[in-house]
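Engineer: Below: one structure in structure tokens.
The values are calculated or read from the model by the stated rules, or taken from the named source; none is laboratory data. Small disclaimer: the values here were computed from a predicted structure and weren't measured. With ideal geometry, Cβ positions are generated from the backbone for all residues, glycine too; neighbour counts draw on all protein chains shown.
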Amino acid sequence: MTVPGVSGRDISEMLTPQGSRRQPLDGFDPDYADIVDYIIRCTHRIWEQKDIGLIETHYADCIRMHLMTGPIDGADGVVANTIRTLAAFPDRTLVGEAVIWSDEGNQTYLSSHRITSSGTNLGPSDFGPATGRRVQFTTVADCLCRANEIIEEWLVRDNSALVIGLGLSPRAVAREQALGDANDGKPAAWRAAAMDRVLTGPSTPFPRAGLPSPDNPETFARALFDQAWNHRRFARLREAYCPAANVQVPGGRSLFGHGEVTGWATAVIATFGNARFRVDHVAAVDGPNGIRDVAVRWEMAATHDGSALYGPPTGRPVYLLAVTHWRILDGRIIDEVTVFDEIALLRQIEGGL
């Protein structure tokens, strides 16, 4: 039985009872028909309906939520983080743009949920006092789900776009946060471990063959990151992206076509010359009219040794956690949204975290 996606569906349609189960969901509440229904419905209940207490039944007690500012452990931590966010943006609304999922076996599913949020900053946030401004920003939550509970989550948000929307300077906000870290520029233990995981991964031989077909999304994604990013074969981007590709990256940056996509890639490497990339997870779902949606969660570890993007080099180590969503048609990427916390990245460059 087909699990319907999000694209083109109104929220009112998605929130109506979906009927009988479309896939095995042992242990899930009976009103969830499939993993997409579970993610959309429980997100709406918790955030839109402000039923924060549902976190107790939808998050495992021992959950770890991974963020670029450090992990949050336990359902109580998730509750506290949710309440703080709602206090800062009490009218926050969330529009689900995509739920790209994979079956991990044993009725465990990974959902990569991309959300565009709007809200008015009416309370203090992580970035300072209330500004009264209305903002819009993109978030991706990769959630590992089993028996009605999210057992692990990787959360990335375009915080630089949010900060700019608040009328603030991303660099100034990051500098102020870094001063509060008071760690003398040394990575926290969790960040040092994450960087070590990326940097000690196995190296691959120089890739002479072209990219594999995206008909196998995981093989394609891993090859593209390895060839174009780890081996700096930027010409591979022309193979992977259609000439009129639209790409969204943090800070509200919009890229179009081969030239700008390649320009972004070279700017990243010019900023972090020894950068290494690791693909952690790939999920893919087929949509209408031959479209395939692919979610790639990835990490980067590097040294800030260039000035292309973030000012004069500081020589400080940095770690990046990101999620990229691709829309693929006729063997090429036609749209991309890449999300990571650029404020947390700048905070590391300023000597924090």
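Engineer: Ser160 - would you say it is at negative phi and touching a helix residue (DSSP H, G or I) at 6+ places or on another chain (Cβ under 7 Å)?
Structural biologist: Yes.
Engineer: In region 174-189, which residue that is surrounded by 14 or more Cβ atoms within 10 Å (Cβ to Cβ) and of a type in the set (A, V, I, L, M, F, W, C) is nearest to the chain's Cα centre (by Cα)?
Structural biologist: My answer is Ala174.
Engineer: Exactly one of these conditions fails for Ser12: (1) within 18 Å of Asp293 (Cα to Cα); (2) assigned to a helix (DSSP H, G or I). Give me its number.
Structural biologist: All conditions are met except number (1).
Engineer: All but one of (1) β-branched (Val, Ile, Thr); (2) part of a strand (DSSP E or B); (3) within 24 Å of Pro207 (Cβ to Cβ) hold for Val318, so report the exception by its number.
Structural biologist: Every listed condition holds for Val318 apart from (3).
Engineer: Output the number of residues of region 231-244 satisfying the condition of being surrounded by 18 or more Cβ atoms within 10 Å (Cβ to Cβ) and not charged (D, E, K, R).
Structural biologist: Count: 3.
Engineer: Taking Ala178 as the residue in question, decide whether it is farther than 18 Å from His281 by Cα, in a helix (DSSP H, G or I) and not assigned by TED's automatic domain parsing to the domain that holds His66.
Structural biologist: So Ala178 passes the test.
Engineer: Across region 271-291, what is the total count of residues that are closer than 20 Å to Asp226 by Cβ and assigned to a strand (DSSP E or B)?
Structural biologist: Result for region 271-291: 9.
Engineer: From the list Val268, Val261, Val247, exactly one residue is of a type in the set (Val, Ile, Thr) and either exposed (fewer than 15 other Cβ atoms within 10 Å of the Cβ) or outside any helix (DSSP H, G or I) (or both). Which is it?
Structural biologist: Val247
Engineer: What are the pairs with Cβ atoms under 8 angstrom where one residue, in region 207-228, is farther than 15 Å from Trp326 by Cα and the other, located anywhere, is part of a loop (DSSP other than H, G, I, E, B)? Sequence gap at least six, or different chains.
Structural biologist: From residues that are farther than 15 Å from Trp326 by Cα, the pairs are Pro207/His231; Pro207/Arg233; Asp226/Thr204; Asp226/Pro207; Gln227/Pro207; Gln227/Leu211; Gln227/Arg233; Ala228/Phe234.
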